[in-house]
1. Name every residue in region 87-106 that is buried (at least 24 other Cβ atoms within 10 Å of the Cβ) and within 12 Å of residue 349 (Cβ to Cβ), in order of residue number.
2. Would you mind stating whether residue 76 is at pLDDT 80 or above and out of contact with any strand residue (DSSP E or B) (no Cβ under 9 Å at 6 or more places or on another chain)?
3. May I ask you to list the residues in region 258-275 that are within 16 Å of residue 133 (Cβ to Cβ) and crowded, with 20+ Cβ neighbours inside 10 Å?
4. So, residue 24, is that one surrounded by fewer than 16 Cβ atoms within 10 Å (Cβ to Cβ), modelled with pLDDT under 90, under 23 Å from residue 288 (Cβ atoms) and touching a helix residue (DSSP H, G or I) at 6+ places or on another chain (Cβ under 8 Å) or not?
5. Looking only at region 247-259, how many residues end up being more than 23 Å from residue 123 (Cα to Cα) and more than 23 Å from the chain's Cα centre (by Cα)?
6. If I go through region 75-100 residue by residue, how many of them are over 19 Å from the mean Cα position of the chain (by Cα) and part of a helix (DSSP H, G or I)?
7. List every residue pair whose Cβ atoms lie under 9 Å apart, where the two residues are 6 or more positions apart in sequence or sit on different chains, the first residue falls within region 266-279 and is without any contact (Cβ under 8 Å) to a residue 60 or more places away in the chain, and the second residue, located anywhere, is surrounded by fewer than 17 Cβ atoms within 10 Å (Cβ to Cβ).
8. Here's a check for you: in region 326-351, which residue that is modelled with pLDDT of 75 or more and surrounded by fewer than 18 Cβ atoms within 10 Å (Cβ to Cβ) is nearest to the chain's Cα centre (by Cα)?
């Protein structure tokens, strides 16, 4: 037991990771692919495949993945070089008090998404259990048990994330390929390119959807801080965004087209893979939810420095489960989308600030209360993101720049930060 407690306590957000904690590229690859394989991506792939010609769907998946990889590399390399999580990078960039909103938003968002994933899992698990095993389960009990179980690996820390991914990801990949193999044998995959398409969306818009749907890029340092080298970080990010993410979209989209329906779990059930569908559902949700708990705990740890990170992770899991049980998350989604939009300009600022003030990020203790230029850049990026975000996602929707509000906000914040830095440096030189 003492060894387990020591293991849970070694993962601290307050100091850079040490050499003994550093991992190879396989750690990042496993954790990120595990986070990618989730029910929302299943739904996304199936929906996209029905809205655009099949060949364009494949092209959009890869181009969108490449674009998302670029964003992830920009933030991930900062985490790898500093050894610090996103919450601490925000604290250094904006100041001890200036970072409160950012870290609070990250914590609330992580708890909320954990609750949503748990609620979605519980509802699907109860339905599949009835259909496959003929067992009627209590939804509340399933929600509580699943929420608490899926918190355990994040409570252990980064080692728990890695161990779960090493086991779950290979198994998930095999199980997900089974329906594709069945349709390949039946010859249905060969005719996908000839299926009629509704052409509801353009290729450019589809690329933007693929790139913008993956908000994890802004908090990439939470995982990349454990990377040994920039090369390992690059391999892990490219493996996920350029290969795994697009291929998962294409896989689920192809199966949905071949089966003539959008529900991937029901497709597996119809093919006689009912029990395997339940395993896929559990592992896919678990590998995503442990990252939500982990990120939320790192953010809250800065508000509760005397609490061990693992105890805060327990609290995040409990509150996320409670939200799922209470059923309040249906009205919480809009806030979660908005809070997610806060992260993109925040990332733009800490990336730009790091490259011009690298020595600042080696000092995690002597941090002022506020850093005004960085806060102004963040607000400027947030304003641009709001202008390009649609009203249904709590934006104004007044204009369009890159067609991806997340990237609009990040680029704007970074450019403002660089401009303010140049102005201040010039004034300093002239004053001397």
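1. 89, 90, 92, 93, 94, 99, 102
2. Taking the combined requirement at face value, the residue does not satisfy it.
3. 265, 268
4. Yes.
5. Residues that pass the stated criteria total 3.
6. 7
7. Short answer, once both residue conditions are applied: 266/131; 270/261.
8. If we take residues in region 326-351 being modelled with pLDDT of 75 or more and surrounded by fewer than 18 Cβ atoms within 10 Å (Cβ to Cβ), then 327 is nearest to the chain's Cα centre (by Cα).
The values are calculated or read from the model by the stated rules, or taken from the named source; none is laboratory data. Please read these numbers as outputs of a predicted model, since none were measured by experiment. All Cβ positions, glycine included, derive from the backbone under ideal geometry; neighbour counts span all protein chains shown.
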